[in-house]
Amino acid sequence: MTDRLDFMSDNNEHFRRHCTGGDITGLAERLTAVQPATDHSARALQTDPLTAALSHATEAALQCTIDARTSLHRVTLDYTARLIREALPEAAAITADTDDGLLYEVRDGDGKALYRAPFTPASPLLDSLADDIEDLLRHAFTFGGLVAAGWEIAAEGEPYRSIPLPAAEATDRRTAATEFPASRSHGSIRAEYTLGTTPAFEITGLDDSCIRETLDRIRAAIVNSGLEWQPGRMRIDTHWTVPSGYSADLALACTALAAAGAIDPAALNGVALIGELGLDGRVRPVHDITGAVRIAEAAGYRKFIVAADDFDKASQNIDITPVGVNDLEAAVRFLEEMNEAPSTSTEADAPRRGTPGEDAGKCAQCDRPLIWDVTGNGVNDLWGERLCSQPRRAGAAVHVLAG
């Protein structure tokens, strides 16, 4: 190409000295119409040096852009697969709404749906994790090139497209995640445990002033509860919109234990864990249990594990099912029991209601006759009392419907 341009430049100078003006390329354009070039390289041979250089630069930049877009789609899918498999190890393919960048479905190798939008507290993918994945997809989809990246039109039709996930890596890395109802907001916790590496335990995302204290408190509570894991590296990443204080201790410890294999990570799904930990593993009450319960309930949570001393306050909300625990070991045991319990339908989980003033049966704890209160959403005894003075066989401070 350089030789060609040099030849044209030399002959243009000769033409100007010995002819009436103009140049070779200009004369050629006046005498014979130049046929449209089929590619940039052909056009470069028919035009001036500056245009030729710009043509080549444009061609190179375009190719760099195509390569960068291909790389973006590849690494985005790799990262997305890694995040999804933290909660769904069997994930093999996904479907997304490419117009809005929303994750619609996750499937295993047999095509069985492991997750499908919309999100609920019982979903295997946390809402915060789904948000992270959708943010990645949304940015990648903006640049186009989906066909070249392997996204095929899904059975649902446009704009839904599906793609197989990269093969899972063979690794001893395990993960678990949950969410935490911090005061006035919602936070997320994700633990990653790598077996067999140099032992380490770290937490990120907390204020520098309390990271060391929180780390020591949680580690001591786990060890003193007899719940240690095999040597390896434990990393807990947290994200709060506002500081959580010490009330996230229980959630941090249980998420770490789930990542280490002490409990099934799925046991964390749909359960709000609220409590401070002592060095001895005891679960202590928190400053604003009522506010934390309210935030979690608004997000769809109905199952709660709280400190035994916070149980009465949490039980005042008749639309949730709280459990009070004295120590970390009891919290882990309740998580396992909740996970093993058979799932119930949405209708069964809905609060029971009745006609105000009508018979509601007997209290499951004290056997007193109960009637529906003036709202029809709660019950009291014939004397108008809601509190139950008998031993809490059903685990509540208030009257509990039998059945």
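The values are calculated or read from the model by the stated rules, or taken from the named source; none is laboratory data. This is a predicted model, so every value here is computed, not measured. Positions of Cβ are backbone-derived with ideal geometry, glycine not excepted, and every protein chain shown enters the neighbour counts. Please note that ligands, DNA and RNA were not included when accessible areas were found on the heavy atoms of the full protein model with its side chains. Shrake-Rupley method; radii C 1.70, N 1.55, O 1.52, S 1.80 Å.
Please work out how much accessible surface ARG138 shows to a 1.4 Å probe, ignoring ligands, DNA and RNA, in Å² rounded to 10.
Approximately 90 Å² for this residue.
With θ set to phi - 60°, apply the Karplus curve 6.51 cos²θ - 1.76 cosθ + 1.60 along the range 52-60 and write out the HN-Hα couplings as whole Hz, x wherever there is a Gly or Pro.
4, 5, 5, 4, 5, 5, 5, 4, 5
For ALA122 and LEU382, what is the calculated FRET efficiency with R₀ set at 25 Å and r taken between the beta-carbons, to the nearest 0.05?
FRET efficiency, ALA122 to LEU382: 0.10.
Can you give the net charge of the other residues whose Cβ lies under 13 Å from the Cβ of LYS112, counting K and R as +1 and D and E as -1? Before the final figure, lay out the partial values.
Values: positive: ARG107, ARG116; negative: GLU90, GLU105, ASP108, ASP110.
That sum, taken over residues with Cβ under 13 Å, equals -2.
Expressed as a whole percentage, what fraction of the accessible surface of the range 53-210 belongs to carbon and sulfur atoms when a 1.4 Å probe is rolled over the protein heavy atoms?
54
Find how much the distance from ASP207 to ASP172 grows on full extension, using 0.36 nm per residue of separation minus their present alpha carbon separation; answer in nm with one decimal.
Extra length available between ASP207 and ASP172 comes to 9.6 nm.
Going by Cα centres, the range 289-339 and the range 202-272 are how many Å apart?
Value for the Cα centre distance between the two parts: 18 Å.
Amide H to amide H under 5 Å from LEU102: which residues, 5+ apart in sequence or cross-chain, H placed 1.01 Å off N in plane?
Amide H neighbours of LEU102: ASP97.
Which lysines does LYS362 reach when only Cα atoms under 27 Å apart count, and residues fewer than 8 places away in its own chain are ignored?
LYS303, LYS313
For every other residue with a beta carbon closer than 15 angstrom to the beta carbon of ASP99, add +1 if it is Lys or Arg and -1 if Asp or Glu, then tell me the sum. Display every interim value, and only then the final one.
Values: positive: ARG138, ARG161; negative: ASP97, ASP100, GLU134, GLU156, GLU158.
For residues surrounding ASP99, the net value is -3.
Highest mean first, what order results for 128-134, 110-116 on Cβ atoms within 10 Å?
Ranked from most to least packed, the peptides come out as 128-134, 110-116.
Hey, what's the range 91-201 come to in accessible area per residue, 1.4 Å probe, Å²?
48
Which whole-Hz ³J(HN,Hα) couplings does the range 87-104 yield from phi under the Karplus relation 6.51 cos²θ - 1.76 cosθ + 1.60, θ = phi - 60°, glycine and proline marked x?
Once rounded to whole Hz, the list reads 9, 10, x, 8, 4, 10, 7, 9, 10, 9, 7, 6, 6, 9, x, 9, 6, 9.
Quick one: how many Å² of SER71 are accessible to a 1.4 Å probe, rounded to 10?
Its accessible surface works out to 50 Å², give or take rounding.
Can you tell me the FRET efficiency between ALA53 and ASP237 if r is taken as the Cβ-Cβ distance and R0 is 60 Å, rounded to the nearest 0.05?
0.75
Subtract the Cα-Cα distance of GLU337 and THR142 from 0.36 nm times their separation in residues, and report this length gain in nm to one decimal.
Answer, rounded to one decimal: 65.7 nm.
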